[in-house]
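The structure appears right after this line, and notes come after that.
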Amino acid sequence: MKLQEQYLSQQITSPASDAVQNGLRTGDSQRLKKACKDMESLFINMMLKEMRKSIPKSGLFEDSLERDIYTSMFDQQIAEEASGVGRGIGLADMLYENLSRQG
């Protein structure tokens, strides 16, 4: 093992990186693909949430806990559908390609 590889392996100690390395060692590419799709879905969900913050309040609907819950669930469903259709936005493919090379 080269010195640089040893240094990098000591720096990466998160459970997620361990799971990626173990998944690649066992050849379980399906788990890695699912994790990448889930990450893409999470990213889209966060993006939608931030986009909603930029819309001015109209006063037509009052702010309530119920509305916040519904909006959150709606954004989550949109994110899951968007990442699951075809290639999604392409983030999952890029993540999978880069993470599978590291193994």
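Listed values, structure above:
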quantity	calculated
Which numbered condition Gln76 misses (of (1) surrounded by fewer than 10 Cβ atoms within 10 Å (Cβ to Cβ); (2) within 30 Å of Glu97 (Cβ to Cβ))	(1)
Looking only at the stretch 54-103, and only at residues there that are among the basic types (Lys, Arg) and over 20 Å from the mean Cα position of the chain (by Cα), the one that is farthest from Lys34 (Cα to Cα)	Lys57
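So that you can scan it fast, the table gives a plain yes or no per residue for (1) at pLDDT below 90; (2) in contact with a strand residue (DSSP E or B) (Cβ under 9 Å, 6 or more places away or on another chain); (3) over 20 Å from Leu99 (Cβ atoms); (4) among the small types (Gly, Ala, Ser):
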| residue | (1), (2), (3), (4) |
| --- | --- |
| Leu3 | yes, no, yes, no |
| Leu8 | yes, no, no, no |
| Ser14 | yes, no, no, yes |
| Asn22 | yes, no, no, no |
| Thr26 | yes, no, no, no |
| Asp38 | no, no, no, no |
| Gly59 | yes, no, yes, yes |
| Asp63 | yes, no, yes, no |
| Thr71 | no, no, yes, no |
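The values are calculated or read from the model by the stated rules, or taken from the named source; none is laboratory data. Note that the structure is a prediction, hence the values are computed from the model and not measured. Virtual Cβ from ideal backbone geometry, glycine too; neighbours counted across all protein chains shown.
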